[in-house]
Every structure is written in structure tokens, then in C-alpha cells.
Amino acid sequence: MGNFKFAEDFLFGTATSSVQIEGGDTNNTWYEWSELGYIKDSSSCFTACDHWNRVEEDTKILQDLNVQTHRLSLEWSRIEPQPGQYSEEAIRHYREEIKLLLASKIEPLVTLHHFSEPIWFQQLGGWSKPENKKHFIAYVQYVVEKLGDLVSEWVTFNEPNVYANLGYLLGIFPPGKRSLLEYFKITSALIETHIELYTLIHELRACRGFLGQTKVGVAMHIRFFDGLTWLGRRTAALVDYFFHQIFIEGMVRGKLKFPLISLDHKKIKKTGYADFFGINYYTRNIVEFSLNPSIYFHKCVTDKKLDKSDLCWDIYPEGIYRVCCRYYRKYKLPVYITENGLSDRADRQRAKFIVDHLAYLAKAIQEGIEIQRYYHWTVMDNFEWLEGESAAFGLYHCDFRTQQRTPRPSAMLYAQICKTKIIEQNPINN
Ligand code: BGC
């Protein structure tokens, strides 16, 4: 492939999440989890990038990167510190942050749930109690009323499949449960909540006459599970069903697939519940049969031939092409790559990683796959869920002690791509 120019209306962006960058909040489940010592390097999300106090500085970084869109999440535990009590100060803070993005000609894509929750929500039993959904739904109503004039595009849940798997099956995310029953139960609750929110956000923005076309979707963590043997392929199909299909069919089509059961028995309409298909793509897994579920989602089998990120994840750019083709052909929804990136402290692989993944997106686009956005994960090194401060996903290095942000060489390349929307076959070596 030679040079490729993405269409003018294709938007390049970056993605972040509140707990991973903001710091200073003691009211969320990840703070508690950090305090309990579950993070590999014993760090805490209380530090992170101090973004809460550095919004202007960090928006300037986004301007320097020439992004046209930015995906950020709102911290529920800051906005609703106690059940039913909303913080005017927190919502004002996010309003200012979003206004700054808009003034910089950066379109916000706002995530409502990105793994973290208020501690009080978990104390009430979290998603395991079907009646608790109402807390999140009321919270979202408040947020959309307060910010819906500025934000037209929303992600309800970030990676509900990872949240459920790691939090309720493997027990390595809060709330640290290991129960198949709970896993299926909360999966139904997340799906049914998404369905309600999809309609609610559309209705609220429409009845307030807020400008801009409302778009609502989910950012799904999607991998390719490839089996190499007969048994491996059968296992891969099964893992794919439980890790992807039950979530996607639920959240996109409103179908509760076996073994999920409806918790609220509401009527589902036929039109679907997503205006875009959000894909967080990082890697693919080789699947071999095992009775230990951890092997499929966490301590994965890798392909010895492929380069690895710092976290030993296989670098497999072709996977982004395969997932886009697969899900676009199935659901015919415009694709947003809501996350893609790698941990690479030395920045030896990031530039090539970006170009190679974009080249595969270009290939898909040329074949008629409607891909509209690419959000790079992430702007600067931040608090990574399992690894804490020891992972380095940033285009910028962040020194967590001095809070100094320093661009890595790949940041220059990404800024250039965002500006020109052109990828060259091998711009790194030119
Ligand atoms: C999550 C991010 C995370 C990234 C790298 C995604 O699963 O949405 O929050 O930092 O992957 O692990």
C-alpha cells in the first residue's frame, strides 16, 4: 500500500478515562482497590496525572496533537458523592473542561461508565442487585441535563465485557468476585441499563432541543480469538460467544442470549440500541483449551512470531482489520475505533504500531467498511488498572512525581497524521 489519505470527515482523536488521569478522588472503587494493595506496583489512582488540576495544560497537549475529537469519561463518584446528592462543583468542572475542548475545535465523546463507581454504589450491592440500576440511570439523567447542550455523543459503558470478566469472574478488578452466576447476572443488568440509557439520552436531548445529532453507543473490548488446533478453534468460538457475543447482541440489538435472562422484562424495540459500533482493539489471543478462564482473558497464550508490547501483548495490526470487517458486515453500524494503543515506555514500537494499524483501517475503508473515527489510547502515561504506574501507554511520558509531561517521538508522528490525515507506507524510516 502507498500513501493513503483518510476522508476529511474521518476524525482522529485520543482517549482517556477519569480515574486513570484525574487523581485526588477518594470516593471511587479504584481508590479503595488501590488502598487494599491490589495494584502490581502498589501505586494508587489517587496520584495519577493530576489532570483534575491541569485541564488547561492537558487541553493544550491535545491541541498540539492536532486531534479533532477526544474521548473522556466523567467520574460518577465525583458528581454524585452520596446517593442522590450531586456536586455542582464537579459538574461545573466538567462543563468548563468540555467548553475548553469545544473552543479548541475538539469534539467530545463522553463515556459515562469507565470501570469506576462510587464506593457507596458497591456498598449497596452494585449491579448484582437489579434495583440498583436506577441509581446509575438517575445519575445519567442529571449529567445529560447538565451537559447535553455541549455533548451530543455518548458512550454508556466502556468495555462492559472486561468489567464483568475481570470484576466478577476472575476477581482481579473491583469488586473482586469470582462467580459465574454473578457474572451472568450483572451482564444482564449492564445490558438492560444500556438499553434504557440509549432511549433516555435520545429523548432528553430531543425534548430539550439540544443541537447536534445525538449518538449513543458502547465501547466494546474486542479481540480476535484464534484457535490453532481443532479443539482450540472450538474453544475460541465458545470464548468468543461468552466474551463478545452475549454483550454485543445485548447492547446493540437488545437481545438477551443464552444463558442471560431478563431482570426487568421490559419490551425491547426492534430498531437497535447503538448509533455507532465502538471497538477498543489492542491484541489477539491464541486459544488453547483450558479449564482456567484466566488463560482466555488475562494470562493469554501469545504467538511467538509476533512483536510484543511492554505488557507482552502480541502486536497484531491485522486484527483491527478483521474486527472492523466482521462487525461492520454484521451490524452495518459506522465503526469508531474508541481505543487502540500499547504500553511502550521506550517508544520503540509505537510509531510503527500506529501506522500499521491505520494502514489496516485504510484497507478496510477501501473495501467499503464504514470507519469514522480513530481514538489513540492514550495521551500520556496514566494509572493503568492492573499495573498502576508501571505501564506506559502515553504518547507523552508523564512523570507522576513532578507531573512533568514530555512528548515521545511517536507523539510528533501522530500529530502529523492527525493534521494531514495521511499515512505513508513507512514514514518512520523516511
Ligand atoms: C481500557 C483502558 C485501559 C486500556 C489499556 C482498555 O481495556 O478501556 O482503560 O487503560 O485498555 O489496558
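The values are calculated or read from the model by the stated rules, or taken from the named source; none is laboratory data. Everything quoted here is computed from the prediction, not taken from an experiment. When we count neighbours, we look across all protein chains shown, and the Cβ atoms used for this are built from the backbone with ideal geometry, even at glycine.
Being within 16 Å of the ligand (Cβ to nearest atom), of a type outside the set (D, E, K, R) and surrounded by 18 or more Cβ atoms within 10 Å (Cβ to Cβ) is a description that applies to Phe115. Tyr241 falls short on exactly one of the conditions (1) surrounded by fewer than 16 Cβ atoms within 10 Å (Cβ to Cβ); (2) within 16 Å of the ligand (Cβ to nearest atom); (3) among the hydroxyl-bearing types (Ser, Thr, Tyr), and that condition is (2). If the condition is being under 22 Å from Arg373 (Cα atoms), more than 16 Å from the ligand (Cβ to nearest atom) and of a type in the set (Val, Ile, Thr), then the range 126-166 contributes only Val151. Restricting attention to the range 147-189 and to residues that are surrounded by 18 or more Cβ atoms within 10 Å (Cβ to Cβ) and among the β-branched types (Val, Ile, Thr), the residue that is farthest from Gln68 (Cα to Cα) turns out to be Ile186.
Cβ-Cβ distances below 6 Å connect no pair with a first residue in the range 110-122 that is within 16 Å of Phe383 (Cβ to Cβ), a second residue that is at pLDDT 95 or above and away from the ligand (no atom under 16 Å from the Cβ), and a separation of six or more residues or different chains. Which residue pairs have Cβ atoms under 6 Å apart, sit 6 or more places apart or on different chains, and have a first residue in the range 6-24 that is farther than 15 Å from Asn66 by Cα and a second that is in a strand (DSSP E or B) and within 10 Å of the ligand (Cβ to nearest atom)? Once the first residue is farther than 15 Å from Asn66 by Cα and sits in the range 6-24, its partners that are in a strand (DSSP E or B) and within 10 Å of the ligand (Cβ to nearest atom) give Ser17/Ser73; Ser18/Ser73.
Okay, residues lined up against (1) among the polar types (S, T, N, Q); (2) within 22 Å of Cys49 (Cβ to Cβ); (3) within 16 Å of the ligand (Cβ to nearest atom):
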| position | (1), (2), (3) |
| --- | --- |
| His298 | no, no, yes |
| Asp307 | no, no, no |
| Asp310 | no, yes, yes |
| Pro317 | no, no, no |
| Tyr327 | no, no, no |
| Leu342 | no, yes, yes |
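Going through (1) over 19 Å from Tyr296 (Cα atoms); (2) assigned to a helix (DSSP H, G or I); (3) within 17 Å of the chain's Cα centre (by Cα); (4) aromatic (Phe, Trp, Tyr) one by one, Trp154 falls short only on (2). Among the criteria (1) away from the ligand (no atom under 16 Å from the Cβ); (2) crowded, with 20+ Cβ neighbours inside 10 Å; (3) over 24 Å from Asp275 (Cβ atoms), the one Ala346 does not fulfil is (2). A residue that is among the polar types (S, T, N, Q) and in a loop (DSSP other than H, G, I, E, B) cannot be found anywhere in the range 48-65.
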